[in-house]
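The values are calculated or read from the model by the stated rules, or taken from the named source; none is laboratory data. Since this is a predicted model, take the numbers as computed values, not measurements. Cβ coordinates were reconstructed from backbone atoms using ideal geometry, including for glycine residues, and neighbour counts include every protein chain displayed.
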Amino acid sequence: MRQVQEQLNAAVSQLPDEVTLIKATSPAVSPADSQPLGNDPINSIRMVRLIFLLSPLIPLGFLLLLTLFAVRSLKGWMRWWGIPFFFAGLITLGLGITLVPTMNWAWDTFVVSQIPAYFPSSVAGIGRVLVQNIVHALSEGIILQAVILALVGLAAWIGSSFIKTKAEPQTHVAPPTS
């Protein structure tokens with residue numbers, strides 16, 4: 001027991017206090033070896049995260065441009081924004097509802113066949129339950145946000161029908177006399 005303790009102490013003393021898990025590649029890499037998002041994996045992850053964070057702003061920007069150039073009244077604004085919000089909410093709701101069954105199908109189709117036979121079935125079961133719980137938690141958030149988006153869009157769409165537009169005053173122009 002004492003020998004094992006001494007060997008463990010010797011091994012622990014050789015371990016570094018800090019270690020870099022992902023090392024940045026050297027900047028002197030030829031363009032043929034470069035990756036689509038660059039050669040540094042950390043910067044690539046940051047770039048993808050930034051794209052994910054900013055991606056909802058693109059459709060919102062299009063709606064703002066549409067508002068500037070096409071909408072002339074509150075009623076028009078409520079329709080131009082309500083209808084896309086409503087249908088985006090419905091589409092997202094459908095995707096959120098089908099997320100868990102799709103994950104179950106993908107697990108059965110792609111993952112189960114890749115699990116080696118020497119793993120006990122309980123390991124695969126634990127993995128499936130873990131993935132199911134993660135996907136279920138994600139789908140709950142997606143479904144909630146989709147319902148809110150659809151309800152806001154529907155409220156704006158329906159609310160636009162209750163807004164009265166100002167009738168332009170009718171002016172009678174006398175025909176020119178000759």
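Could you tell me whether Ser55 is at pLDDT 65 or above, under 23 Å from the mean Cα position of the chain (by Cα), under 30 Å from Leu149 (Cα atoms) and among the hydroxyl-bearing types (Ser, Thr, Tyr)? It is true that Ser55 is at pLDDT 65 or above, under 23 Å from the mean Cα position of the chain (by Cα), under 30 Å from Leu149 (Cα atoms) and among the hydroxyl-bearing types (Ser, Thr, Tyr). Leu90 - would you say it is free of Cβ contacts under 8 Å to residues at least 40 places away in the same chain, at negative phi and either among the aliphatic types (A, V, I, L, M) or touching a strand residue (DSSP E or B) at 6+ places or on another chain (Cβ under 6 Å) (or both)? So Leu90 fails the test.
Criterion applied to Asn43, Asn39 was being part of a helix (DSSP H, G or I), farther than 30 Å from Ala146 by Cα, at pLDDT below 85 and among the polar types (S, T, N, Q), and the one residue passing it is Asn43. Would you check if Ser139 is among the small types (Gly, Ala, Ser) and under 20 Å from the mean Cα position of the chain (by Cα)? For Ser139, the condition - among the small types (Gly, Ala, Ser) and under 20 Å from the mean Cα position of the chain (by Cα) - is met. Is it the case that some residue within region 160-177 is under 30 Å from Leu60 (Cβ atoms), touching a residue at least 24 places away in the same chain (Cβ under 8 Å) and within 28 Å of the chain's Cα centre (by Cα)? No - not one qualifying residue is present in region 160-177.
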